[in-house]
Amino acid sequence: MDEKHKVVGIEKRDAVAVVTLLRPASRNSMNQDLVDETRAALLELDRDDNVEAIVLVGALPGFCAGSDLKFIGALGLEAMGRFEQECGDLGRLIGYISKPVVAAVEGFAIGGGFTLATCCDVVVAARGSKWSLPEVPHGWLTPWGIKSLVARVGLIKARHLCFCLEPLTAEDARVFGAVDYCCGDGEALSTAIGVANKLALLPRPAVAATKRFFSNYLMQDAEAMDFEANRLFLDNCRERAAQATLDKFRSR
């Protein structure tokens with residue numbers, strides 16, 4: 001892809017690499033290019049011996065608004081399911097690469113942006129950031145990343161969050177366990193880099209071994225859960241409520 005059209009940027013700050021989602025006009029929502037480039041960036045940095053830790057951040061106004069509904073609304077159901085499956089593959093990739101990944105959340109983490117953040121090893125959130133999983137109100141089950149949420153907050157709380165009954169603040173998310181550190185607004189990136197620098201100072205083999213050990217348990221059954229959630233998501237997308245949601249975005 002032409003450099004000027006890239007939707008993911010990489011900046012190296014000594015031993016820490018910052019990966020930035022660059023679709024601010026679309027609230028950094030996930031389309032095929034963003035998923036493909038994020039996957040490629042993570043794999044490239046995991047192979048880079050000069051990188052010890054990675055920070056994942058969204059260009060302002062926020063972290064990520066989940067799937068680009070205009071993009072998926074233009075797809076057939078089978079293609080829509082494949083795309084959401086690739087989003088799940090990306091989330092699990094974060095768990096399986098050897099370098100620790102720190103999410104830096106300003107503004108919002110919505111839908112797939114919420115689960116993308118919880119797939120990261122450490123989550124930093126600005127206190128003013130808003131967190132929600134609006135898929136059920138849209139008419140469908142959250143299609144991927146639920147295991148990352150369950151691993152952090154437990155099954156009962158994960159189910160409650162997926163129902164999306166009330167707004168969630170960053171401090172709420174921290175109390176539940178979805179967020180590890182809260183900081184001042186505008187400070188998420190610098191705070192996340194500070195955490196990543198601490199990780200970068202630790203012996204690499206020990207960090208990688210610790211990440212692998214816990215990922216084996218934290219992500220147990222994650223692929224199977226993503227597969228089942230994706231199947232139920234597609235069933236939901238055949239129904240009237242989901243089609244009404246998608247029609248709103250198709251007409252934009």
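When the helices of the chain are scored as -39500 (n - 2.57) per DSSP H run of n ≥ 4 and the total is divided over every residue, the value at 222 nm lands at -15500 deg cm²/dmol. The trypsin sites (Lys or Arg not before Pro) of the range 1-94 that meet both conditions, a loop assignment by DSSP and at most 14 other Cβ atoms within 10 Å of the site Cβ, are 6. Over the chain, accessible surface divided per residue gives 47 Å², non-protein components excluded, 1.4 Å probe. Under a 5 Å amide H cut-off, with hydrogens placed 1.01 Å from N, residue 8 pairs with 22 among residues at least 5 apart or on other chains.
Taking amide H as placed 1.01 Å from N in the peptide plane, residue 133 has its amide H under 5 Å from the amide H of 111, each at least 5 places away in sequence or on another chain.
Using 0.36 nm per residue and subtracting the Cα-Cα separation, the extra length available between residue 249 and residue 232 on full extension is 4.0 nm.
Phi angles of the range 170-183 translate, via the Karplus equation with coefficients 6.51, -1.76, 1.60 and θ = phi - 60°, into HN-Hα couplings of 4, 5, 4, 4, 5, 4, 5, x, 6, 10, 9, 9, 9, 9 Hz per residue; Gly and Pro are given as x. The separation of the range 219-252 from the range 154-185, counted between C-alpha centres, amounts to 22 Å.
Of all the options 87, 237, 119, the one that moves most in a Gaussian network model of the chain with Cα springs shorter than 10 angstrom is 237.
Based on alpha-carbon positions alone, could you give the equivalent ellipsoid semi-axes of the range 109-252 from the gyration tensor, as √(5λ), descending, whole Å?
Output for the range 109-252: semi-axes of 30, 20, 13 Å.
At a Förster distance of 22 Å, what's the computed FRET efficiency of residue 217 paired with residue 13, Cβ-Cβ distance as r, to 0.05? Rounded to the nearest 0.05, the efficiency is 0.10.
Ignoring ligands, DNA and RNA, what percent of the 1.4 Å accessible area of the range 124-252 is carbon and sulfur?
60 percent
Distances between placed amide hydrogens fall under 5 Å for residue 105 paired with 124, 125, 126, all partners being 5 or more residues away or on another chain. Placing unit charges on each Cβ (+1 for Lys and Arg, -1 for Asp and Glu) gives the range 142-250 a dipole about its Cα centre, and among 199, 236, 189 the Cα reaching farthest toward its positive end belongs to 199. Carbon and sulfur atoms: what percent of the 1.4 Å accessible area of the range 1-100 do they account for? Roughly 49 percent of what the probe reaches on the range 1-100 is carbon or sulfur.
Peptides 150-158, 134-142 ranked from most to least packed by the mean count of surrounding Cβ atoms within 10 Å: 134-142, 150-158.
Listed here are the pairs 99/198; 6/130; 147/211; 70/147; 99/157; 6/70; which of them are more than 23 Å apart at the Cα?
Distance filter (> 23 Å) returns 6/130; 70/147; 99/157.
The values are calculated or read from the model by the stated rules, or taken from the named source; none is laboratory data. Predicted model only: the values in this text are computed from it and were never measured. As a convention, Cβ positions derive from the backbone with ideal geometry for all residues, glycine included, and neighbour counts pool all protein chains shown. Heavy atoms of the whole protein, side chains included, go into the accessibility calculation; ligands, DNA and RNA do not. Shrake-Rupley method; radii C 1.70, N 1.55, O 1.52, S 1.80 Å.
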